[in-house]
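Please read through the structure below; I'll follow up with questions.
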Amino acid sequence: MSPPERKMPLSPRLAVYRWRAPMVASLAHRVSGLILILFILFFLCFLHAVNTEGMLFTQLQEWMHSTVGQLFLWLGGASLMYHWCNGLRFVLLDAGMGEQRQSMRTSARLALAAGAVALLLMGVWL
């Protein structure tokens, strides 16, 4: 009689791995990309309001000066900065630079640190 087979997931899940800097950087890159999609949609609506209706533009402008609007702008700006920094990291990895394990961890930590600095700078700026 053979031992019972253990069912392993076909696709690795987040609970399977230990959370290390490259994994966190990759997940944050995906989340920042989703935030940027929402930000771009809002920005396109804002541009449409500028070109068409004065009342809608005024309402959007008032919303952007509210606490929720400021938070949205802060999150969008910080996401843009982090996504750019980590995207540059991915381009360098694709070019063959820093493919060693320690280099990948270091570059991921640098990208995460740059994202944290961007969060702080956007908070001060807004």
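L120 versus Q61, label points 7 Å from Cα toward the beta carbon: distance in nm?
Roughly 3.4 nm, to one decimal.
Right, another one. What FRET efficiency comes out for L38 versus V91 if R0 is 35 angstrom and r is the Cβ-Cβ distance? Round to the nearest 0.05.
Once the sixth-power term is evaluated, E becomes 0.90.
Another question, then. DSSP H helices in the chain with Cα extent of 20 Å or more along the helix axis and mean Kyte-Doolittle hydropathy at least 1.0?
Those that pass (Cα extent of 20 Å or more, hydropathy at least 1.0) are 21-51.
Highest first, please rank the peptides 69-79, 34-44 by the mean number of other Cβ atoms sitting within 10 Å of their residues.
Those peptides, ordered most packed to least, come out 69-79, 34-44.
Report the Rg/Rh value for the stretch 21-125, based on alpha-carbon coordinates and the Kirkwood definition of Rh. Intermediate results must be reported in sequence, preceding the final value.
Working: Rg = 16.9 Å, Rh = 15.1 Å.
Rg divided by Rh gives 1.12.
Values in this text are rule-based calculations from the coordinates and carry no lab data. A quick note: this is a predicted structure, and the numbers were derived from the prediction, not measured. Reconstructed Cβ throughout: ideal geometry from the backbone, glycine too, with neighbour counts over all protein chains shown.
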